[in-house]
Structure formats: C-alpha cells, structure tokens
Amino acid sequence: MFEMRERACLGRVGRLRTSHGVVETPALMPVVNPSNLLISPEELRRRFRIEILMTNAYIIYRSRFRDQVLERGIHHILDFEGPIMSDSGAFQQHVYGRVDVSNEEIVKFQTAMGSDLGAVLDIFSEPDSRWRECEEGVRETLSRCEEAVAWKGEMGLVGTVQGGLFSDLRTKCARSLSQIDLRVQAIGGVVPLMEGYRFADLVEVIIASKRGLRPDRPVHLFGAGHPITFGLAVLLGCDLFDSAAYAKYAYDGRMITRWGTTRVKNLRYVSCSCPACFDATPKDLKDDVKRLAEHNLHVSLQELEELKQAIHEGSLWEHVERRSRAHPRLLEALKTLRKHVDFLERYEKLSDGSLFYAGPESMWRPVAWRFRRRVLERYRPPEAESLLILQEARRPYSRTYASLLRDLSLKANAHAVVRSVLGPVPIELDEVYPVAQSVIPRELDVEALEASEVFLRQFLRLGHFSFGVLWEGDKTIAELASKAKGPSSLDMDMARARAVADYQFGSGASDALLGGEVELVKSKKKGKIRNVYVDSEHVLSLRAGDGLYTLKMAGGRRLHATFGPPRLRVVVNEESAPFNREGRNAFAKFVVECDDSIRPWEEVLVVDESDDLLAVGRAIMNREEMMAFQQGVAVKVREGSALS
Ligand code: GUN
Ligand code: ZN
C-alpha cells in the first residue's frame, strides 16, 4: 500500500496506493468543507495538482449534507475523483471541550460515505495535561482503534498517536498502533504546539512517536498547515499534512510565507510571484479572500515541492538548516535534534550529496556524527610514533598538504590528522564521505572551533600515538624529526585502502579483504585508487563520488568467511534465494533478518537462512525497514553467487 521511493534521514518520497488512485508523498491535503468551498475541489485538482483531499466527517455528520453523502458518497458530493481522507471530530473535542458522537457512529459514518481513509475518534491530549490524564487518553484511543477495525470495511483506518508531551507515552502508543490494522498512522495533539511556536516540543513529540511507529506506513501530522514546519516534519518522517490554514488564514487577512505570516493590511509590496500574486496589487490581496487563499496554498505546495527535490538531490539537511533561521523557535527545534542523533543516524544514507556547512548545528548532522564515531570505533592508524595535527583546509587535504606530507614522511616517523569541524580526519580518510564532499567557511564560529577541539581530544585519548604536535610551520617537522626519527615506511596507498575498508565494514575488514597479494589499480588522470585486486581477484572498487567501496563478489566471500553472522548480512527466505543467486534484487517482503548496524546505501551480504552467501549488493533500507516493508527493494543486488 505504501512504498518508499527516495529518502533522506527519516524523510521519504513515497507512493500511497488507494482505491481512488496513487498519491505521491509528502503530500498536502487541503481541508474542504462541502458547506463552504472557497476553492472548489475541481480547481484544487486542475489548478493546484492536488491529489488527495481532507474533509471533516464530524462536521458533515452534523450538517445538512449528512444524508446526501450517505446516499451519493463523499466523492460525488465534493465532485473529486481522487482519494479523500476524513477526520473524526477529535479536534472539535479539543476546541469545544466535547463531541456529540461516538467512535462507532463516526467510524461507520466514514465507511458509509466512502472515505478512502477515515480517522478513529481519538482522545486529543493537551500539552499541559498530566501524565495520568494522557495515559488514560492513550488507553482509550488505542481501544477505540482496536474496535474500529471491525467497522472499517474497505476503508483505510487512520489511528492517531496521542500522549501529550510525554515521550514514553508517545512511543508506547505508537508501538501499540503499529500492531493494529491501520493504513495511516497519525500524530495528533500538536496544533497547540504549532500555534504557540513550540517547535522544540513538536520535534520531541514527532521523534518519540516515530520511534514506536512501524516504518512501512505513511505518517500524517494532524493540523500542520503552515509551511514553516514542513521541513522539520518531513526530515523526521512525516508524509502527510492537512491544511485548513490556507483558507483560515485568508479569512483572517493573513498571508502565509515560507518565513512566517504577514498581515495583508500591512502589505506595501506583494513580494511573491506565485500564480495568484504575479499580477496582483497589495489591494487585490486585501480585497479578495479567494486570491489570498490561493496564494497561501501555492506557497505551502511550493515548500513541499522543494522538500521533495531536496530529498531527491541529497540536500534535505541544508534545506532544513537554512529554513530554521526563519524563527528563533525553529532554530531551537533544530538544535534539539542533536539529542536524537543516534536514532536519526540509523535512517541516514551512507553517503548523500554534499555537506554545506550552515552553522554549528551542521557538525551534528547524523553523517558527521557517524564519521566521528566510526573513526573512534573502527580506525586503527598505521605504525607511527607521533602525530602531526593539521588545520582545517581545502579539500582534499592530501592535495592541499601534499608537499608538507612528503617532507614529513622523509624526515619523521609521524602520521597526520586534520583537525576538522566534522571531527579529526586521519589523512588517509580524507576522500571519505562527508569529508571531501563538505564545504566549510574559512572563518568558523567559536562553538564549532570548541567542538572540533573536543572531538580531537576524544581521538587522542585512544592512545594510538605517544605524542601529537600541532602544525606551526616548518619548525614543527624539525621538532617531530628530532623526537621520532624518520623516514616513515608508510605506503600511503595501502594505508588508504586499509583505512577505508575498516571505516566502511568494521574493524578487521582490512585484514579480511586485503590479506594476500594486493594490486591497486589507479586512475590515469588523478592517480586515485579505483580498483582493488587481491590474489588476482577483483575484490573492491573505490567510488570517486563518496570515497567508499563497492563490494565485488570476491570481496563478499572474504568478508563472509571472516565475519560471522549477523555481521553485514541480510537474510532472505528460500522463496527469494534462487533469484538473488542469479543476481536479482532482494525484496523487503522476503527478508527474515538483518544486521542491526546496516544503514541505507551500505554494501551488504545477502545470505539464505543457513548463511550461504547468495549475493552482494547495496542495502536500500535499514533493519527496521527491511523487517516491516512488504513493498520495495531491500537490497539492490550487484552480483549473484551463481554468476561469479
Ligand atoms: N486535527 C488536529 N489535531 C488532531 C488530532 O489530534 N486528532 C484528530 N483526529 N484530528 C486532529
Ligand atoms: Zn503568492
């Protein structure tokens, strides 16, 4: 029903199948009310390319349309052929303190009016509610979701995570929802957070919910209609949004921008060139509610479009970091992501695009954190007594510092590391993602400098070297030479080949992959390692783009023989095995187990249940996703064992 097509962090471009057509996510569902159609569904579809609508079943239930929608169906009444999602009245309970309908009545009503997706009547938990109260609400919400399964018929059921600001309740509620037969998982109770610009709280709520939600279902963020929050929400894995805001703000004389909201009465310059604005004067926007609503919808849709493009081109983090400068409360929210970097990292591709430094928060991007961690845990330096610590410089470092490094290797038994803001970079890892692919300003914030100092100290504490010296000009080499007599016997190419192997596949991988007679084939133009042959077998290729390896079958055999299960393995069932052996992709629905440390885009071993090696390839998903998804490719197979 839901398929992930592209990804960045927890964010994804997906496809949601319904009986009224396929929806590309992240998607914005404009909220329409049959009693008051400011922009008609037909226009929404034709002029705004809206694929899915949201309507409120509770409002219809209490209106003159009630019998009509039962008779002719909601698609007919709204004159919309695409999928329609409906809400249950839980929000009205929050606004008015009560709802005059039971869960059974409103779920059966949504089924009867032909909603594609219909919401259970959840208990809206308020941000200032106590734990006890929230817990009771969660229990009732879950029991209502369970009972609703019997009434849903063909309709996809929407269940909502509640639990107020309590992360434990959010995660628990989400876990239980994952066990119920739902089509969409929603996150609720967040409107007051958005109204109060409490974006850090919003981030905590989304993450706590996502921790418990199964990854193979789309996630709807209830009531997030302002594009200012879209970036963070998409980054954290929200797939659906509903917007009543485009119309509500327009009636209230407010113009939505990607940076916030402006009152039209204060408008001197239109400052927008969307189809609604390009030929408008400020007066047109003041006098014409529909035009203003159209503008509001256009900017909201444009932001989602930009987010999808950012996922596609690997710039989602940049997008979110830049947008977070729109409001101090957003910046606060961005900074709280650091607390959850270990969770976010699980979903981050091994490499993706480039890393443009946008501020000290960039050091805490999951890919930067992963780099530091893997260096600390997996890297073993070549034999050398001392360490030369170099300053941040143009990439690749080994080119910038080429003559200095040559001089150093002739005179001293020393190794080199660059004190980068991303973390200390051993010189032979300078081509590895995200180091070579990052762009860092020459002048750095104090916070970034301090952090890079802390990262370096963690590295030095590992005790690989008897001493380290900061580069302070030519005399530094003389100083090193006097303490650690050279020359160094280091073969830089071999050191690079080994360091990348351990960094990428774990400690010990370099011995497994490169044990034997090694031949490094280098590119003619730049002299960079391209292919690695060991005992005449093609074991690895080194990618120019991210400085990481592509695993060949011969390399896979070596890793498989050295590392016991579950390391690097994706286990598939017997239905899948013969296909993978022939070099076909491994689909998620056939995966029975997966190494927990595999990240998307990681090079992996595909094995059967008796640990026979079937293929090597690139993982598209992490463990959680492989185990949950019934749609899509888990491992893009490169070589099957039958063919080589
Ligand atoms: N609309 C806005 N917030 C909510 C919520 O928490 N639950 C439901 N069902 N609808 C909403
Ligand atoms: Zn506009």
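The figures follow:
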| read-out | value |
| --- | --- |
| Förster radius 56 Å - calculated FRET efficiency between Ala150 and Leu470, Cβ distance, rounded to 0.05 | 0.20 |
| Average accessible area per residue (Å²) across the chain - probe 1.4 Å, nucleic acids and ligands excluded | 41 Å² |
| Burial ranking of peptide ranges 417-423, 471-477, 114-120, 385-391 (average Cβ count within 10 Å, highest at the top) | 114-120, 417-423, 385-391, 471-477 |
| Percent carbon-and-sulfur accessible area, the range 493-643, ignoring ligands, DNA and RNA, probe 1.4 Å | 48 percent |
| Inter-site label distance for Leu449 and Asp168 at 7 Å from Cα along Cβ, in nm | 4.4 nm |
| Nearest-ten-degree value, helix 289-313 long axis tilted from longest Cα axis of the chain | 30 degrees |
| Within straight-line cross-link reach of Lys283, lysines at Cα separation under 20 Å, skipping those fewer than 8 residues along the same chain | Lys248, Lys265 |
| Crossing angle, helix 199-212 versus the chain [Cα axis fit, 0-90 degrees, rounded to tens] | 80 degrees |
| Anisotropy class of the chain from Cα gyration tensor, a/c 1.5 cut | prolate |
| Mean residue ellipticity (222 nm) of the chain, computed from DSSP H runs ≥ 4 via -39,500 (n - 2.57), nearest 500 | -11000 deg cm²/dmol |
| Carbon/sulfur fraction of accessible area - the range 355-490, other protein chains in place, 1.4 Å, % | 51 percent |
| Most to least packed among 436-448, 70-82, 613-625 [average Cβ atoms within 10 Å] | 613-625, 70-82, 436-448 |
| By average C-beta atoms within 10 angstrom, highest first, the peptides 601-608, 456-463 | 601-608, 456-463 |
| Projected label distance in nm at Arg584 and Phe278, using a 7 Å step from Cα toward the beta-carbon | 4.8 nm |
| Degrees separating the helix 167-178 axis from the principal Cα axis of the chain, which is the longest one | 80 degrees |
| Set of the range 328-365 residues, backbone N closer than 14 Å to the point 7 Å along the Cα-Cβ line of Val439 | 353-359 |
| Cα gyration tensor category, rounded, prolate or oblate, for the range 387-522 with a/c compared to 1.5 | oblate |
| Beta bridges by DSSP in the chain, antiparallel share as percent, to the nearest 5 | 55 percent |
| Accessible area of the range 267-338 belonging to carbon and sulfur atoms, whole % at 1.4 Å probe | 50 percent |
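The values are calculated or read from the model by the stated rules, or taken from the named source; none is laboratory data. In this text, all values refer to a predicted model and were calculated from it rather than measured experimentally. A quick note on method: Cβ atoms are made from the backbone with ideal geometry, for glycine too, and the neighbour counts reach across all protein chains shown. Accessible surface is based on the protein model in full, side chains and every heavy atom, while ligands, DNA and RNA are left aside. Shrake-Rupley method; radii C 1.70, N 1.55, O 1.52, S 1.80 Å.
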